[in-house]
Amino acid sequence: MSSFLAAALQLTSTPDPDANLAAAEEQIELAARRGAELVGLPENFAFMGEDSTRIDLAADLAERCSRFLVTMARRYQVTLLGGGFPVPAGPGHTFNRAELVGKEGQLLARYDKIHLFDVDLPDGITYRESATVQPGQQLPPVVDVPGLCRIGLSICYDVRFPELYRHLAQAGAELLMIPAAFTAFTGKDHWQVLLQARAIENTAYVVAPAQTGLHYDRRQTHGHALVIDPWGTVLADAGVAPGLAVAPVDRDHEGRVRAQMPSLQHRQPALF
């Protein structure tokens, strides 16, 4: 298959897992009805709330999320990315895990987020993801999905580390999935330009599901789930409301871009 539709979903997840999973299914169904064969859910799709509650619920959420992804992939016959959900990782900590599931419900790939968001923002909000999240110890995988393409996984803050995406490109990734819960403060300046940079420098499609709006207390995210082509062109933008960005992934177009701009071939790794 040289072309297929990909959907980056956008949610406003809250501390209520039941409501979150119901909202996620609604968007998955809409994406499938529009013909999407690859569907991505954002980071924290099943829970956005206090760290202590996430830790308490982690075992149940891990089981529910994995089961949910299998059920949804089979029900709507899509390849489905769960862009990040908590999995127990020892006392007081969870992993932030993404799972890619095939349309028959088979687990295709799994990735635990390795770059953790520890930042003091000028708006007065401090994030210390490492206080309650255990970083993964394995580089993200690239998986060849039959009938689609070779997909590389990552999560949110990873987007600021270009070497991770060069690893994925060198491993054969043709499409980069970057699910996120990007802060409203940083997102307005950095979200789109970072995603376009990752697409351009790796001549790869980018599918970036996103959280949007106010989730709890002062936690607010930027939105703008995007699908971007290998030239860096934004093909679809979900805006700031819950919804989805849907666009075609054309492998022939990607081949032409890589032929016109063969930067991956020109790389001189021995010099770095």
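General remarks:
- Residue that is farthest from the chain's Cα centre (by Cα), among those in region 217-268 that are polar (S, T, N, Q) and surrounded by 17 or more Cβ atoms within 10 Å (Cβ to Cβ): Gln220
- Tyr127 vs. criteria closer than 19 Å to His222 by Cβ and not in a loop (DSSP other than H, G, I, E, B): yes
- Candidates Tyr216, Tyr205: the one that is among the aromatic types (Phe, Trp, Tyr) and either under 18 Å from His167 (Cβ atoms) or at pLDDT 95 or above (or both) is Tyr205.
- Among (1) within 16 Å of the chain's Cα centre (by Cα); (2) crowded, with 18+ Cβ neighbours inside 10 Å, the one test that Arg150 misses: (2)
- Residue-level analysis places Gln10 outside the set of residues that are surrounded by 21 or more Cβ atoms within 10 Å (Cβ to Cβ) and in a helix (DSSP H, G or I).
- Just one of the listed residues (Thr14, Thr79, Thr71, Thr53) is closer than 18 Å to Ala210 by Cβ, of a type outside the set (D, E, K, R) and touching a residue at least 12 places away in the same chain (Cβ under 8 Å), namely Thr14.
- Pairs, first on the phi < 0 side of the Ramachandran plot in region 101-127, second among the polar types (S, T, N, Q) and in a loop (DSSP other than H, G, I, E, B), C-beta under 7 Å, six or more apart: Lys103/Gln77
- Restricting attention to region 213-272, the residues being of a type outside the set (A, V, I, L, M) and in contact with a Gly (Cβ under 8 Å, 6 or more places away or on another chain) number 10.
- Screening the candidates Leu194, Leu175, Leu214 for the property of being closer than 19 Å to Ala98 by Cβ, surrounded by fewer than 22 Cβ atoms within 10 Å (Cβ to Cβ) and among the aliphatic types (A, V, I, L, M) yields one hit, Leu194.
- Look at (1) at positive phi; (2) touching a helix residue (DSSP H, G or I) at 6+ places or on another chain (Cβ under 6 Å); (3) not basic (Lys, Arg) and you find that Gly90 fails only one, number (2).
The values are calculated or read from the model by the stated rules, or taken from the named source; none is laboratory data. Just so it is clear, the structure is predicted and the values come from calculations on it, not from any experiment. Virtual Cβ from ideal backbone geometry, glycine too; neighbours counted across all protein chains shown.
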